[in-house]
1. Arg85: under 15 Å from Leu194 (Cα atoms), charged (D, E, K, R) and not in a strand (DSSP E or B), yes or no?
2. In the set Asp64, Asp13, Asp39, Asp20, which member is open to solvent by less than 30 Å² (accessible area, probe 1.4 Å) and either modelled with pLDDT of 85 or more or not polar (S, T, N, Q) (or both)?
3. Counting just the residues of segment 95-126 that are in contact (Cβ under 8 Å) with a residue 24 or more places away in the chain and more than 20 Å from the chain's Cα centre (by Cα), which one comes out nearest to Glu140 (Cα to Cα)?
4. Scanning segment 23-36 for residues that are in a strand (DSSP E or B) and open to solvent by 20 Å² or more (accessible area, probe 1.4 Å), which turns out farthest from Glu144 (Cα to Cα)?
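The values are calculated or read from the model by the stated rules, or taken from the named source; none is laboratory data. In this text the structure is predicted, and so the values were computed from the model without any measurement. Here the Cβ positions follow ideal geometry from the backbone for every residue, glycine too, while neighbour counts run over all protein chains shown. Side chains included, ligands, DNA and RNA excluded: accessible areas come from the protein's heavy atoms. Shrake-Rupley method; radii C 1.70, N 1.55, O 1.52, S 1.80 Å.
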Amino acid sequence: MNSQLLAVQLSADVVATASDVEVHYVLTNTTASRILVFDHHVHFGPKSVVQRDETGVNIGLDSDGGVRLVRGIFSPPMYMSVIARPPVLVTPVEAGGVAKGFIRVALPLVESNIFFPKQPCDASKAVIPKRVRLQIGWVEMRPEMTFREYVIDGKKFANIASNWGQPVQRIAETLVATNLKVCPYPGRFDSAVLTQ
């Protein structure tokens, strides 16, 4: 496939209050075939139980002063040994179809990553980033993909149960806002990086 056939469109509406921000997004499949969207925020909870946070998102500061709100498949931290990763859940989207999502996070934003425990925000260290971008991972359907059903809290999801080659995912991106404060993660931290 050429790069033009692999384009998708991502748009977002943002509503911010004094206490939180809501991002309603729509990813439109403008390709000629089915795609898979990695838009589930899945992580391990207590006792390594797989959890899915309906409105959750990974948040990362960039070295150039921007912030990313990210859903997708992440590379593990460079200095951390990761024994197991959460299942890869996908939303299939047919050609011309859409995947709609909803994110809600408290303000100020706090850097977060599924591999690190959540930390409170030190408001005195909050910064205003140059921009806030939303990034969603996706990939075109491939013949080598196999799937199985995965159940979390009684809900059924599609789980990719095989390797599917390179790139692992492509990234849809849109600008969300420029005036949301963010707290850097206290201590050692790797910002969420989408695997490609």
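1. Answer is yes for this residue.
2. Numbers: Asp64 fails: open to solvent by less than 30 Å² (accessible area, probe 1.4 Å); Asp13 fails: open to solvent by less than 30 Å² (accessible area, probe 1.4 Å); Asp20 fails: open to solvent by less than 30 Å² (accessible area, probe 1.4 Å).
Of the residues listed, the single one that is open to solvent by less than 30 Å² (accessible area, probe 1.4 Å) and either modelled with pLDDT of 85 or more or not polar (S, T, N, Q) (or both) is Asp39.
3. Only one residue fits best here, namely Ala95.
4. So the residue we want is His24.
Table: residues versus (1) within 15 Å of Lys181 (Cα to Cα); (2) in a loop (DSSP other than H, G, I, E, B).
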{"site": "Gly96", "(1), (2)": "no, yes"}
{"site": "Lys100", "(1), (2)": "no, no"}
{"site": "Arg104", "(1), (2)": "yes, no"}
{"site": "Phe115", "(1), (2)": "no, yes"}
{"site": "Pro120", "(1), (2)": "yes, yes"}
{"site": "Pro129", "(1), (2)": "yes, yes"}
{"site": "Arg142", "(1), (2)": "no, yes"}
{"site": "Tyr150", "(1), (2)": "no, no"}
{"site": "Ser162", "(1), (2)": "no, yes"}
